[in-house]
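Colleague: Following this message is one structure expressed as structure tokens.
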Number of protein chains: 2
Amino acid sequence: MKEFPEQSTIIDVHSKDWKIIELFRKKPGGIISGEELGGALDISRTAVWKHIRTLQEIGYQIEALPSQGYRLLNSPDILIAEEISSGLVTGTIGRKILCFKNTDSTNRIAFKLGEQGAEEGTVVIAEEQSRGKGRLGRQWESPSGVNLYCSIILRPPLMPVKAPQCTFLSAVAVSQTIETTTTLIPRIKWPNDVLVNGMKVSGMLNEMSAEMEKINFIILGIGVNINMRREQFPPQLRHPASSLFLESGKPVNRIEFTRALLTCFDSLYESYLRKGIGPIREQWLSRSALTGRRIRVSFQESEAVGIVVGLDDDGALLIQGDGGKIEKILAGDVSIVE
Amino acid sequence: MKEFPEQSTIIDVHSKDWKIIELFRKKPGGIISGEELGGALDISRTAVWKHIRTLQEIGYQIEALPSQGYRLLNSPDILIAEEISSGLVTGTIGRKILCFKNTDSTNRIAFKLGEQGAEEGTVVIAEEQSRGKGRLGRQWESPSGVNLYCSIILRPPLMPVKAPQCTFLSAVAVSQTIETTTTLIPRIKWPNDVLVNGMKVSGMLNEMSAEMEKINFIILGIGVNINMRREQFPPQLRHPASSLFLESGKPVNRIEFTRALLTCFDSLYESYLRKGIGPIREQWLSRSALTGRRIRVSFQESEAVGIVVGLDDDGALLIQGDGGKIEKILAGDVSIVE
């Protein structure tokens with residue numbers, strides 16, 4: 001798990017550094033002497049000072065009080081694996097979390113890790129992506145320090161034909177997370193957008209490596225515009241886009257959001273493996289922005305118009321054309337016909 | 001296209017070396033003087049000698065006749081890209097051919113090349129595989145110098161759900177090639193075995209990298225037991241296996257076989273892209289070893305028994321159970337029930 005492209009920087013917190021943070025957290029607002037820290041970590045007071053310096057460099061605000069000790073004033077707004085793992089109770093998802101300061105694309109890193117045999121539930125997160133990927137070769141705008149860009153490695157014991165079902169899991173997990181961390185009401189737009197007030201706040205890019213009869217692994221890429229500001233959106237976007245911050249007026253703690261997302265996802269994935277897609281589809285349909293609406297779907301040169309009546313097992317959108325015939329839509333861009 | 005694992009050795013024939021072979025081929029049995037060769041290649045007679053040495057090291061038998069020149073006596077029984085390309089007339093398949101003396105798995109190399117953007121129709125061939133892969137993580141016996149192990153990179157503009165159709169193309173291409181290069185009668189056993197006299201002579205391993213709505217690339221791995229001898233088969237095999245040589249009693253020229261296979265495949269692929277799976281399926285069904293037979297299919301813990309009645313668009317085998325119900329079989333191992 002060591003082979004990363006040169007342009008990627010991993011955020012690596014030493015276990016003793018993290019132990020110091022944990023000690024501070026147990027004494028909220030409190031001061032811990034260098035001697036006490038040294039004793040707890042079995043290191044010298046000089047070594048304690050070095051660890052404090054490292055933590056300060058990562059972004060932890062730690063005050064040194066002469067002849068008293070140290071005090072943690074503030075934690076940085078950075079997606080750090082240890083912060084996300086802290087208090088995370090999941091069965092599969094997030095057993096291993098890798099956080100990057102920057103990378104080209106978390107999906108690309110995750111795909112590489114998948115090929116190297118990374119365990120199911122491994123999560124790759126980046127503060128910034130230089131080449132964030134959207135569906136069908138499109139770009140995903142990925143400014144630093146404000147959003148969530150993460151990729152989850154799954155190894156479901158399923159046929160490749162079932163892989164598109166995983167898109168439903170991501171969209172439902174993101175929606176549930178928005179519901180629990182904000183007061184916003186998310187809506188899902190097939191195939192894989194999550195909207196708030198009609199504006200796109202999240203998109204997914206799912207990829208897989210498979211034999212004809214067996215999924216090797218699936219990479220679920222999830223991008224969520226969390227605290228992105230208006231000026232950080234490019235002037236021309238395919239769909240009207242926004243962020244949770246812009247829609248709610250309140251910044252969202254990204255570490256808490258990520259922890260909540262992994263927790264939701266873990267429970268949905270466990271349900272999916274035990275009970276199949278049924279319960280997930282119900283969750284999906286209850287949030288669908290399209291059900292009952294008349295839509296136009298364009299894909300390459302073709303186009304279809306009809307009223308959305310459901311979602312098929314293989315992930316296809318079911319629309320009823322003017323003649324009453326039900327059509328299966330497997331790919332394309334959707335717009336609502338007024 | 002330079003990044004190969006350390007354990008792989010590419011067979012690299014210099015363009016001037018190959019020019020010399022072409023000059024010899026135009027003068028069958030004839031002698032060419034060092035001066036003439038030097039003139040044609042615009043190099044010195046000493047340089048000619050060095051190129052002749054390189055060719056001899058590759059395995060070309062070239063005789064040096066004092067004060068007369070050189071004569072090509074024999075070409076090696078090695079899969080060399082230039083030999084396969086020579087006289088190959090295809091549209092897409094084999095536009096680029098990479099031949100390895102040895103590698104772990106041609107599918108793995110091809111997958112890597114696919115990720116690096118290798119063009120459609122790129123073919124990876126190896127004389128020997130140290131970790132030849134069969135379906136579902138099984139091993140594919142790959143001794144050196146007697147068989148064909150090749151992987152073809154395709155980039156069809158299709159949904160991933162159509163990918164299993166490519167299995168039909170491989171099986172039909174291998175069957176047609178056996179028909180044109182030997183007197184044997186091949187039969188196809190679903191999903192992807194080619195049999196001669198009831199013995200397996202060829203198997204396929206198809207893999208893909210895909211988004212949910214788009215195939216990035218497909219790797220079609222094809223193994224054909226061409227000149228393998230009885231003692232080269234391991235004592236215990238899942239299916240009774242043989243080679244074209246063992247079944248026909250005659251060795252098969254591997255270069256000609258490979259060229260014929262790429263030609264068949266090219267024409268089937270072109271037909272597939274233009275007309276869909278229909279014509280390929282007819283070809284497949286006309287060679288099916290199972291149609292009308294009563295079979296048992298086992299997959300993981302489940303089992304199905306029925307009479308084979310057809311092949312579905314998604315690659316599923318259609319069997320009719322005792323109750324008359326048609327069942328779709330998407331994966332598994334088949335045995336014929338007597």
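Colleague: Between B:R296, B:R259, B:R25, which gets the highest mean-square fluctuation from a Gaussian network model of chain B, Cα cutoff 10 Å?
Modeller: Comparing B:R296, B:R259, B:R25 in the GNM, the peak value goes to B:R25.
Colleague: Any idea what the dipole of the protein assembly as shown comes to, in debye rounded to 20, about its Cα centre with Lys/Arg Cβ at +1 and Asp/Glu Cβ at -1?
Modeller: Taking the Cα centre of the protein assembly as shown as origin, the dipole is about 240 debye.
Colleague: Using the 2.2 N^0.38 Å rule of thumb for compact globular proteins, work out how segment A:181-223 stacks up: its C-alpha Rg over that value, please.
Modeller: For segment A:181-223, the normalised Cα radius of gyration comes out at 1.55.
Colleague: Which semi-axis lengths, in whole Å and largest first, follow from the square roots of five times the eigenvalues of the Cα gyration tensor of segment B:9-74?
Modeller: Working through the eigenvalues yields semi-axes of 17, 14, 11 Å.
Colleague: Among A:N192, A:N225, A:N253, which one shows the biggest mean-square fluctuation in a GNM of chain A, springs joining Cα atoms closer than 10 Å?
Modeller: Highest fluctuation of the listed residues: A:N253.
Colleague: Moving on. Using the Cα atoms as the points, what is the convex hull volume per residue of segment B:294-336 in Å³?
Modeller: 61
Colleague: Quick one: label points 7 angstrom along Cα→Cβ at B:T180, distances to the other copies in nm, smallest first?
Modeller: So the distances to the same position in the other copies read 6.1 nm.
Colleague: Angle, helix A:15-26 long axis vs. longest principal axis of chain A, Cα atoms, 0 to 90°, nearest 10?
Modeller: That helix lies at roughly 90 degrees to the long axis.
Colleague: Hey, could you get me the Stokes-Einstein D for chain A, Kirkwood radius over alpha-carbon pairs, 10 °C and 1.306 mPa s, rounded to whole µm² s⁻¹?
Modeller: Diffusion coefficient, whole number: 74 µm²/s.
Colleague: How far, in nm to one decimal, is B:L73 from itself in the other copies if the label point is set 7 angstrom along Cα toward Cβ? Shortest first, please.
Modeller: Nearest to farthest, the other copies are at 8.7 nm.
Colleague: While we're looking at this one, here's another question. Report the rotationally averaged projected area of the protein assembly as shown based on its alpha-carbon convex hull, in square nanometres.
Modeller: Value for the protein assembly as shown: 39.8 nm².
Colleague: Give me the dipole magnitude in Debye, nearest 20, for segment A:9-74 about the Cα centre, with unit charges on the beta carbon: positive for Lys and Arg, negative for Asp and Glu.
Modeller: Dipole magnitude for segment A:9-74 comes out near 100 debye.
Colleague: Also, quick follow-up: In whole Hz, what ³J(HN,Hα) sequence does segment B:301-316 give by Karplus (6.51, -1.76, 1.60; θ = phi - 60°), x for Gly and Pro?
Modeller: Taking θ as phi minus 60°, the curve returns 8, 9, 8, 9, 10, x, 9, 6, 10, x, 9, 8, 4, 8, x, 6 Hz for segment B:301-316.
Colleague: Here's a follow-up. Find which of A:S33, A:S8, A:V48 sits farthest along the positive direction of the dipole of segment A:8-76, computed with +1 on the beta-carbon of Lys and Arg, -1 on that of Asp and Glu, about the Cα centre.
Modeller: The residue sitting farthest along the positive end of the dipole is A:S33.
Colleague: A further question follows. In debye to the nearest 20, how big a dipole does segment B:81-286 give about its Cα centre with +1 on each Lys and Arg Cβ and -1 on each Asp and Glu Cβ?
Modeller: 400
Colleague: 7 Å along Cα→Cβ for the label point: how many nanometres lie between B:G145 and each equivalent label in the other copies, listed shortest first?
Modeller: Relative to the other copies, B:G145 has label-point distances of 6.4 nm.
Colleague: Let me ask something else. Using only Cα atoms, locate the centre of segment B:203-225 and the centre of segment B:103-125, then give the distance between them in Å, rounded to an integer.
Modeller: After rounding, the separation between the Cα centres reads 10 Å.
Colleague: Related question: Could you work out the relative contact order of segment A:294-336, using alpha carbon pairs under 8 angstrom and six or more residues apart, expressed as a whole percent?
Modeller: For segment A:294-336, the relative contact order is 39 percent.
Colleague: Once both axes come from the Cα atoms, what is the angle between helix B:165-181 and the longest principal axis of chain B, in degrees from 0 to 90, rounded to 10?
Modeller: 50
Colleague: Could you work out the relative contact order of chain B, using alpha carbon pairs under 8 angstrom and six or more residues apart, expressed as a whole percent?
Modeller: That works out to 14 percent.
Colleague: Among A:L285, A:G249, A:A210, whose Cα lies farthest out toward the positive end of the dipole of segment A:204-322, if unit charges sit on the beta carbon of Lys, Arg (+1) and Asp, Glu (-1)?
Modeller: Working it through, the farthest residue towards the positive pole turns out to be A:G249.
Colleague: Would you mind calculating the relative contact order of segment B:154-305 from Cα pairs under 8 angstrom and at least 6 residues apart, reporting the percent as a whole number?
Modeller: Value for segment B:154-305: 26 percent.
Colleague: I've got another one for you. Specify the residue with the greatest mean-square fluctuation among B:N74, B:N107, B:N216, computed from a Gaussian network of chain B linking alpha-carbon atoms under 10 Å apart.
Modeller: B:N74
Colleague: Using the alpha-carbon atoms, what tilt in degrees (0 to 90, nearest 10) does helix B:106-115 show relative to the longest principal axis of chain B?
Modeller: Value to nearest ten degrees: 90.
Colleague: Okay, moving on. Rg and Dmax of segment B:85-142 over Cα atoms: what are they, in angstrom?
Modeller: Over segment B:85-142's Cα set, Rg and Dmax evaluate to 12.5, 36 Å.
Colleague: Also: Quick one: which residues, 5 or more positions from B:R293 or on another chain, have an amide H under 5 Å from its amide H? H modelled 1.01 Å from N in the peptide plane, none for Pro or chain starts.
Modeller: For B:R293, the qualifying residues are B:V308.
Each reported figure results from applying straightforward, stated rules to the coordinates on display, with no laboratory input. Everything numeric here is computed off the predicted structure, so don't read it as measured data. Reconstructed Cβ throughout: ideal geometry from the backbone, glycine too, with neighbour counts over all protein chains shown.
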